[in-house]
Each structure stands twice: as structure tokens, then as C-alpha cells.
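Participant: Structure in C-alpha cells, see below.
The values are calculated or read from the model by the stated rules, or taken from the named source; none is laboratory data. Note that the structure is a prediction, hence the values are computed from the model and not measured. Every residue, glycine as well, gets a Cβ built from its backbone with ideal geometry; the counts of neighbours run over all protein chains shown. Please note that ligands, DNA and RNA were not included when accessible areas were found on the heavy atoms of the full protein model with its side chains. Shrake-Rupley method; radii C 1.70, N 1.55, O 1.52, S 1.80 Å.
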Amino acid sequence: MLISKMAAEGGGKEMNEIKTQFTTREGVYKLLTHSEYSRPNRVPFNSQGSNPVKVSFVNVNDQSGNGDRICFNVGRELYFYIYKGVRKAADLSKPIDKRIYKGTQPTCHDFNHLTATAESVSLLVGFSAGQVQLIDPIKKETSKLFNEERLIDKSRVTCVKWVPGSESLFLVAHSSGNMYLYNVEHACGTAAPHYQLLKQGENYSVHTCKSKSTRNPLLKWTVGEGALNEFAFSPDGKFLACVSQDGFLRVFNFDAVELHGTMKSYFGGLLCACWSPDGRYIVAGGEDDLVTVWSFSDCRVIARGHGHKSWVSVVAFDHYTTSVEESEPTEFSGSDEDFQDQIHFGRDRANSTQSRLSKRNSTDSRPVSVTYRFGSVGQDTQLCLWDLTEDILFPHLPLSRTRTHTNVMNATTTTTTTSTTTNPPAGNNPGANGNPAGTGTGVAPGNSLPAPLPRSNSLPHSAPAVTANSKASVADGAVATGVSKFATLSLHDRKERHHEKDHKRNHSMGHISSKSSDKLNLLAKTKTDPAKTLGTLLCPRMEDVPLLEPLICKKIAHERLTVLIFLEDCIVTACQEGFICTWARPGKVGLLSSQNQANSPSGTVV
């Protein structure tokens with residue numbers, strides 16, 4: 001098998017062993033084999049040619065205190081169970097709902113958290129043939145089918161999500177590169193829809209549906225070239241991050257239908273994206289085997305992470321381990337045990353963390369100490385956890401305080417770190433707006449270049465020629481005029497960059513959109529050349545941004561990983577064999593004590 005071969009090449013026999021626990025600063029995460037969810041027969045699914053296994057959660061707030069529900073797809077099948085998490089063993093013999101589809105496969109799904117009750121939930125399911133189904137797995141109803149005749153789009157549904165704060169609007173992305181906005185209360189029509197242009201910009205366009213009566217889709221977005229692999233709404237629901245097969249992250253103001261900023265992968269397509277809990281940062285992953293951290297306010301790449309040996313399939317922030325500290329930091333170099341004494345998890349910290357982040361938004365003084373935790377899983381069957389620390393976020397701080405983790409494979413060895421890693425974890429924090437102190441669009445103190453950006457091994461290297469004031473937002477329609485980003489370019493290079501900016505801004509769907517414009521007629525009718533983006537703000541060179549190394553990097557499955565979800569008590573992962581695994585957070589093992597755990601990664605029949 002290719003995966004086994006790759007793992008063996010990566011470090012022999014030990015590398016090929018599947019881990020059932022791993023250790024971070026906050027303690028030991030343990031795989032709860034009794035809490036594994038899969039098809040009732042627990043037989044590994046033959047995933048050849050099948051769509052990725054995906055998982056969705058919803059809490060129905062029932063009186064029993066066990067309100068979590070889980071939905072997952074395996075091949076042609078869709079399952080809906082009570083999710084007992086770290087509390088009790090999974091009972092796979094009693095799914096609340098199970099559906100088997102013919103001629104098409106479920107590819108993705110999403111619950112409406114706003115309308116969910118113990119008696120009824122609204123679940124959207126996207127399919128490989130392009131349809132979207134609205135079902136209620138509690139009432140066991142199929143209420144509506146959208147794009148039933150495939151008149152709107154015939155390609156596979158890649159991502160479906162309810163619009164935040166809405167009971168009726170949802171957004172659907174397809175492998176055609178199109179996204180459609182639907183309203184559950186409207187019909188789709190009996191003929192192919194006719195569209196009229198609403199807005200267009202740099203490699204995107206948005207159309208409305210022309211019809212006498214309101215019908216679906218309300219809007220059609222055409223974004224980039226190739227498949228639109230995933231999208232994610234910002235925590236406040238105002239912005240939309242899209243990642244495409246053309247390698248671009250595009251961030252839109254969703255209501256204004258305007259492009260806020262873009263980023264290009266190092267190479268290959270981007271497959272996944274997620275927002276930090278406060279909406280300041282976006283992490284994207286894809287076919288370059290990297291995780292890339294992008295600043296929303298600066299519209300630039302601030303770090304890359306290298307740990308995976310194959311494509312990164314999912315990235316996610318851990319809202320419960322993001323730490324905020326407003327007191328003056330102190331160095332910490334104690335043992336793991338000392339460290340764990342200072343750490344505890346829980347949602348009870350959410351409000352205080354939110355107020356601290358708000359305080360951080362409004363203060364002009366030195367920013368509070370903050371660490372963001374995020375994770376990634378990939379086709380290399382590995383789980384990586386990463387910390388985004390103060391030395392990366394605020395690179396102009398004195399280098400004496402900038403140390404990040406040097407650990408890659410041995411997570412149990414402690415390294416001297418900044419105080420940002422010693423902060424108590426925080427709860428989930430809703431999106432907060434405003435520029436972080438020390439970043440934003442202002443220049444570094446004294447209008448000087450920032451100090452050399454630290455790498456994770458603390459080796460000095462050349463600083464990029466880009467300062468924090470060189471935000472290149474496309475939404476305002478102006479070519480960036482920041483002097484600093486052109487500081488090291490020759491006059492000829494400057495002209496080329498100016499030309500390329502104009503070219504990309506007015507290029508839409510791979511063809512020139514308006515022949516009447518003299519400006520557009522001067523532009524080349526070619527696609528964006530990836531080689532020309534390398535070394536620019538869109539895609540800085542590897543040596544121009546800090547390189548993160550993972551806190552932990554563990555092989556946790558036999559097949560490629562397709563799911564990573566951070567919950568309050570646990571981490572949930574899933575692989576293409578159809579096994580959904582629950583990893584208890586430190587101290588959260590609950591009723592499933594480690595003594596009665598089996599070591600088999602494929603689970604134990606309960």
C-alpha cells in the first residue's frame with residue numbers, strides 16, 4: 001500500500017505504528033476506542049473511488065444532558081447517531097436514522113444550529129451528482145430536493161453550509177468552480193436558470209437569477225479556475241473564505257459581494273481553510289503539503305507550517321486551547337507536570353477570554369500575550385497540532401523573547417518557550433473586529449523594517465522586504481502604493497508587478513470580461529502564471545516567512561484522514577475507512593477509563 005510505503009520510508013517500523021495517544025504541554029490525549037463511530041458492522045470501508053468521509057455535529061439541547069448528535073457519510077450511506085463522546089461507549093446498533101442512496105453518493109452535510117431542537121433538526125446533504133437534499137433525520141423526513149434535475153449545476157457538491165444567523169439561506173459550492181445561494185422556501189424552477197451580472201472583479205463574478213418570480217438560486221458565484229474545494233464563513237458571518245483548485249484563497253465580504261484579499265498556495269490546489277476564533281487569521285492547507293497562515297487585516301502570509309508528507313485535507317482551530325494573557329509575561333522552563341498544573345480546560349473561561357481579546361483590540365499598548373492552537377490532518381494519515389505564537393504574530397518585538405517550538409517528533413520533551421505557551425486555555429470566543437495592536441495597517445515603530453522574522457528553530461535569516469503597512473486589499477479597487485513592498489525591486493520589476501495586478505484584477509473566469517474597455521484590451525488573455533506570483537505578497541518565498549514546526553505529528557490511521565473537529569472534551573478525527581475516532585482531552589476520559597481501553601485502533605465491539 002502506498003500509505004504504508006510512505007510511512008515506512010518516513011522512519012521505518014516505528015513510524016508505521018498507529019498512535020493511540022499523544023502528549024502536548026497540557027497533558028495526554030487518549031484515543032477512546034469504545035467511543036468509535038462507524039458503520040454498524042465495524043468493517044473497514046473499501047474507499048476506492050469513494051467520496052471523503054465527512055462528519056457534522058449538532059446539539060439539540062434535550063433535557064437528558066446528552067444533546068450531541070453526529071452525522072457522517074460512508075460511501076453511499078448516511079448515518080445519524082446520538083454522540084456520547086467521552087461519557088459513554090458508542091452504541092452502533094441503534095442509529096437514529098440511516099439512509100442508503102442509489103446512483104449518487106453524499107459528499108458533505110451541515111446542520112442548522114439555529115433551528116435544532118430535540119424533536120427536529122434541519123440537515124443539508126450535498127451529493128456527487130450535484131443535488132442538495134434537506135432532510136430531518138429525527139422526524140425521518142425528506143422535505144426538499146434542490147437542483148433535482150441538475151439544471152443549475154451538474155458537478156459534484158464540494159461544500160454546503162447554512163448562512164450564519166439564517167434559518168433559510170444556505171450556500172453550496174461545486175467542483176465546477178461555482179457557488180450558489182439558495183433559500184429553502186423557494187423553488188428551483190423547471191428550466192435552466194438565466195443569469196444577469198451583478199458584480200465582477202479579479203477572477204470572480206456574481207450573477208443574480210433572472211425570473212419573474214423569486215426562485216433558486218438567488219445568486220451564482222463563479223470563483224477562480226477549477227473546482228471550488230471548500231469555503232468557510234468568518235466567526236461574525238460577514239466574510240467568506242474560499243479555496244480553489246487554482247491554488248488561491250479568496251476572501252470576500254459576503255453581503256457586499258466584494259473581494260477583500262487573496263493568497264496563493266506555494267504550488268497546487270488549496271483544499272481546506274478555517275478562521276481563527278477572533279476572525280484575525282485564516283489557515284489554509286492543500287496540495288503543497290503546507291499549512292499557510294494568512295492575516296485578515298494585513299492581507300498577507302505571516303507563516304507557513306511544514307509537517308505533513310502529503311496533501312493537507314483539513315485544518316481547524318482549537319477554540320478551547322487558545323490562550324490569552326494580559327499580565328506581564330514570565331519565562332517558563334519547568335517540567336511537564338508543573339506545566340499541567342497551570343493548565344485547565346473549559347468553557348467557563350470563554351467570557352473572560354472574550355473580554356480580554358476585546359481589551360486587546362482597543363488598547364494601544366504592547367499587545368497581550370496570545371497563542372492560537374490549530375490542527376491539521378492529511379492524506380499522509382498524520383495529525384499535526386500547531387501553535388501560532390506571539391513571536392510570529394508580532395515579529396517586531398525584541399528577538400530575545402522570540403522562541404518557538406523546535407520539537408517535531410518527540411512531543412514529550414519540553415523546550416524553552418515564550419510565555420505565550422504558558423497561558424491558561426480559553427473557551428470559544430466569537431468573532432471580534434478591529435485591528436490587533438502592533439499589526440493592522442500601521443508601520444512598525446520608527447517606520448523601520450521589522451526585526452528578522454524568527455523560524456521555529458530560532459535561526460536568524462533575511463527579513464522580507466515587506467512591512468506591515470503593505471496591505472494589498474483588492475476590494476478598494478486601487479493598486480497598492482505602499483513604498484516598502486517595492487523597496488528591493490528594480491524599476492522593470494515594478495512595472496511588471498503593476499501590470500500583473502491590473503491584469504489579475506480585471507481577469508474573470510479565464511476570459512476578458514468587457515471588450516469595450518480600452519484598459520482591458522491592453523491586457524494579455526493568459527491565465528495567472530504561478531511563477532510570477534512566487535516572491536510576491538500573494539505567495540512569498542519560503543525563506544521570507546517564518547516556518548512553523550508542529551507541536552506533535554502522529555500517524556493515527558491506516559487510510560487518509562478526512563475529518564478534524566475540536567470539541568470541548570475531545571478531538572474528533574475520521575479516516576477514509578469510515579472510522580470516526582474520539583480523542584479525550586487531558587483529564588477528560590470520563591467513564592471510559594484507560595484501564596478498559598483496548599489498544600486496537602480499529603475499535604472494540606461493545
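Participant: Ignoring ligands, DNA and RNA, what percent of the accessible area of the range 253-310 is carbon or sulfur (1.4 Å)?
Facilitator: 49
Participant: Moving on. Quick query: amide H of Ala574 versus all other amide H atoms, modeled in the peptide plane; which residues come in under 5 Å with a sequence gap of 5 or more or a different chain?
Facilitator: Thr562, Val563, Cys581
Participant: State the extension gain, in nm to one decimal, for the chain segment bounded by Ser310 and Asn61, taking 0.36 nm per residue of separation less the distance between their alpha-carbons.
Facilitator: 85.7 nm
Participant: Additional query: Among 229-239, 313-323, how do they line up by average Cβ neighbours within 10 Å per residue, starting with the highest?
Facilitator: The densest-packed peptide leads the list: 313-323, 229-239.
Participant: To continue, here is another question. Would you please give the residues with an amide H less than 5 Å from that of Phe296, counting only those at least 5 places away or on a separate chain, with H modeled from the backbone geometry?
Facilitator: Those lying under 5 Å, H to H, from Phe296 are Tyr281, Ile282.
Participant: At 0.36 nm per residue, minus the direct Cα-Cα distance, what do Ala187 and Arg76 gain on full extension? Give it in nm, one decimal, please.
Facilitator: Extra length available between Ala187 and Arg76 comes to 37.3 nm.
Participant: Size of the range 127-203 along its principal axes in angstrom, Cα-based, largest extent first?
Facilitator: Here the Cα extents, ordered largest to smallest, are 44, 29, 22 Å.
Participant: Show me the ranking of peptides 84-96, 557-569, 285-297, 371-383 by mean Cβ neighbours inside 10 Å, starting with the highest.
Facilitator: 371-383, 285-297, 557-569, 84-96
Participant: Among 384-393, 156-165, what's the highest-first ranking by average C-beta atoms within 10 angstrom per residue?
Facilitator: The packing order, highest mean first, is 384-393, 156-165.
Participant: If the chain between Asp136 and Glu17 were fully stretched, how many nm would it gain, using 0.36 nm times the residue separation less the Cα-Cα distance?
Facilitator: Roughly 38.8 nm would be gained on extension.
Participant: Each residue of the range 142-158 in turn: what ³J(HN,Hα) in whole Hz from Karplus with 6.51, -1.76, 1.60 and θ = phi - 60°, glycine and Pro shown as x?
Facilitator: 10, 8, 8, 10, 9, 6, 4, 8, 6, 7, 7, 7, 9, 8, 4, 7, 9
Participant: With the crude spin-label approximation of a point 7 Å out along Cα→Cβ, what separation in nm comes out for Asn41 versus His113?
Facilitator: My value for the distance between the label points is 3.6 nm.
Participant: Ok, one more. Rule-of-thumb check for the range 282-327: C-alpha Rg over 2.2 N^0.38 Å?
Facilitator: The reported ratio for this selection is 1.35.
Participant: What nm distance separates the two modelled labels at Leu198 and Glu148, each placed 7 Å from Cα along Cα→Cβ?
Facilitator: Simple spin-label model gives 2.5 nm for this pair.
Participant: Let me ask something else. For the range 1-160, max minus min Cα coordinate along each principal axis, in Å, sorted largest first?
Facilitator: Computed over the Cα atoms, the extents are 51, 42, 31 Å.
Participant: Restricting to Cα pairs below 8 Å that are 6+ residues apart, what does the relative contact order work out to for the range 148-304? Please round to a whole percent.
Facilitator: Dividing the mean separation by the residue count of the range 148-304 yields 14 percent.
Participant: Based on the alpha-carbon gyration tensor of the range 224-286, what equivalent-ellipsoid semi-axes (square roots of 5 times the eigenvalues) come out, in whole Å, largest first?
Facilitator: So the equivalent ellipsoid measures 19, 13, 9 Å along its semi-axes.
Participant: May I pose another question? Which far-off residues, 5 or more places away or on another chain, put their amide H under 5 Å from the one on Thr107, with H placed in the peptide plane?
Facilitator: Under 5 Å from the amide H of Thr107 lie the amide H atoms of Gly126, Phe127, Ser128, each far enough along the sequence or on another chain.
Participant: Quick one: Karplus J couplings for the range 197-207, per residue in order, coefficients 6.51, -1.76, 1.60, θ = phi - 60°, nearest Hz, x for Gly and Pro?
Facilitator: Each residue of the range 197-207 in turn: 5, 9, 7, 9, x, 5, 6, 8, 8, 10, 10 Hz.
Participant: Read phi for every residue in the range 289-302 and hand back ³J(HN,Hα) as whole Hz from Karplus 6.51 cos²θ - 1.76 cosθ + 1.60, θ = phi - 60°, with x for Gly and Pro.
Facilitator: Once θ is set to phi - 60°, the couplings for the range 289-302 become 6, 10, 10, 10, 9, 10, 7, 5, 6, 8, 6, 8, 6, 10 Hz.
Participant: Averaged over all directions, how much area does the convex hull of the C-alpha atoms of the range 62-153 cover when projected, in nm²?
Facilitator: That works out to 6.6 nm².
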